[in-house]
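The block underneath contains the structure these notes are about, expressed in structure tokens.
Just so you know, all these numbers are worked out from the coordinates, no wet-lab data involved. Since the structure is predicted, the reported quantities are computational estimates derived from the model, not experimental observations. Cβ placement follows ideal geometry from the backbone for every residue including glycine, while neighbour counts extend to all protein chains displayed.
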Amino acid sequence: MLTRERIAALLPYGPSMVLLDRVESTAEDSIVCYSRCHREPGSPLRRGGSLPAAAALELAAQAVALHGTIAGGECVRGMLVLARDVRFGRGDLDVEEDELRIEVQILRRSGAGCTAAFAVGPRESRYVEGRIGILFGAPDARN
């Protein structure tokens, strides 16, 4: 199980933008992570005092990046370029007390990027789900 500190070292973000707290499991084409970012008042994705459900797209994108880094052994830089079939079951994520579970299944992968299905919600619930596309080769977000 990876902790927040190890995750922060693997992702190409500054510390305040790392939204994942731990990894429960990884497999060849999937990863399950958890986050409490929705309970943090200083979260960089908060708008008007709340964390909009659209922040789930960034949680999923970070899980994809982390999966690629773990699988490939080096930091995978990419950019979220596509969101499809996204369904929002809630307007805000911060109404939930439990940590959020982020499930990602890599659907297709190439040298240029990947597409993945994702679901975000507490325990086995799905507050937000859909598909995202990541284009590899984006600049380092730490700079």
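Structure notes:
- Cα-based equivalent ellipsoid, the chain: semi-axes from gyration tensor eigenvalues, Å: 21, 17, 15
- A simple count of charges around Gly48, restricted to other residues whose Cβ falls under 14 Å of its Cβ and scoring Lys, Arg +1 and Asp, Glu -1, yields 0.
- The length gained on full extension between Ser125 and Arg87, counted as 0.36 nm times the residue separation minus their Cα-Cα distance, comes to 12.4 nm.
- The charge dipole of region 6-48, taken about the Cα centre with unit charges on the Cβ atoms of Lys, Arg (+1) and Asp, Glu (-1), comes to about 340 debye, rounded to the nearest 20.
- In degrees, nearest ten, helix 55-72 long axis to first principal axis of the chain (Cα): 30
- From helices alone, the chain scores -5500 deg cm²/dmol at 222 nm; the rule is -39500 (n - 2.57) for each run of n ≥ 4 DSSP H residues, then divide by the residue total.
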